[in-house]
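Chemist: The structure is given below, and queries will be raised subsequently.
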Amino acid sequence: MGFKFKFDEENASQGFELVKENKYEVTIIGAEAKEWQGQYSIGFDVEIRSDIAQEHQGAKLLYNSLYLTTNIEDYKEDTKRKRDSFFAACGYTGKQELDLDVVVREIVGKTVLGYVKHETKNDKTYAKVKFVAPSKATPLQLSGPPISVGDDDLPF
């Protein structure tokens, strides 16, 4: 194959840019239930929405945690407030008992306003979602009619 192109080292990226501390409209793209020493949490990943004019569009913030319980008395009220705010932002209403396994499936795809703060561990700084609130943007809109696939469409 005779394809040629130009390379310029000065144009090469020097690495990934750290997402700035700010509020961003995000979509929850993954979630999992976690348990450690009798304490429960949800690990969740988000992507900064690209359909809204904001910095860092498309950036993914991985390995965020929502603590559902705590053994530390001084943090119990804060943990409860953050937990209830998270679920309200995801569209849950009223008072209800929630099943953790069901919740982690239901929150994927939800859009929320994520408050991003920097966290440093082992001399590395990461951007993490520390709090969520209800989205202030219009929900994601699907384009076009739904797609239905029948047995005749499958090759096997």
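Values in this text are rule-based calculations from the coordinates and carry no lab data. Source: prediction; values computed, not measured. Positions of Cβ are generated from backbone atoms using ideal geometry, with glycine treated the same way; all protein chains shown enter the neighbour counts.
Chemist: Looking at this structure, is Thr125 touching a His at 6+ places or on another chain (Cβ under 9 Å) and on the phi < 0 side of the Ramachandran plot?
Modeler: Answer is yes for this residue.
Chemist: If you go through the stretch 92-105 one residue at a time, do you hit one that is among the aromatic types (Phe, Trp, Tyr), out of contact with any Cys (no Cβ under 6 Å at 6 or more places or on another chain) and closer than 28 Å to Thr138 by Cβ?
Modeler: yes
Chemist: Would you pick out the residues in the stretch 105-133 that are loosely packed, with under 14 Cβ neighbours inside 10 Å and outside any loop (DSSP other than H, G, I, E, B)?
Modeler: Hits for the stretch 105-133 are Arg105, Lys117, His118, Glu119, Thr120, Lys121, Lys124, Thr125.
Chemist: Also, I was wondering about something else. Only one of these is surrounded by 11 or more Cβ atoms within 10 Å (Cβ to Cβ), in contact (Cβ under 8 Å) with a residue 24 or more places away in the chain, among the acidic types (Asp, Glu) and part of a strand (DSSP E or B): Glu47, Glu55, Glu25, Glu35. Name it.
Modeler: Residue meeting the stated conditions: Glu25.
Chemist: Considering only the stretch 71-91, state which residues are buried (at least 16 other Cβ atoms within 10 Å of the Cβ) and either in contact (Cβ under 8 Å) with a residue 60 or more places away in the chain or not in a helix (DSSP H, G or I) (or both).
Modeler: Selection gives Cys90 alone.
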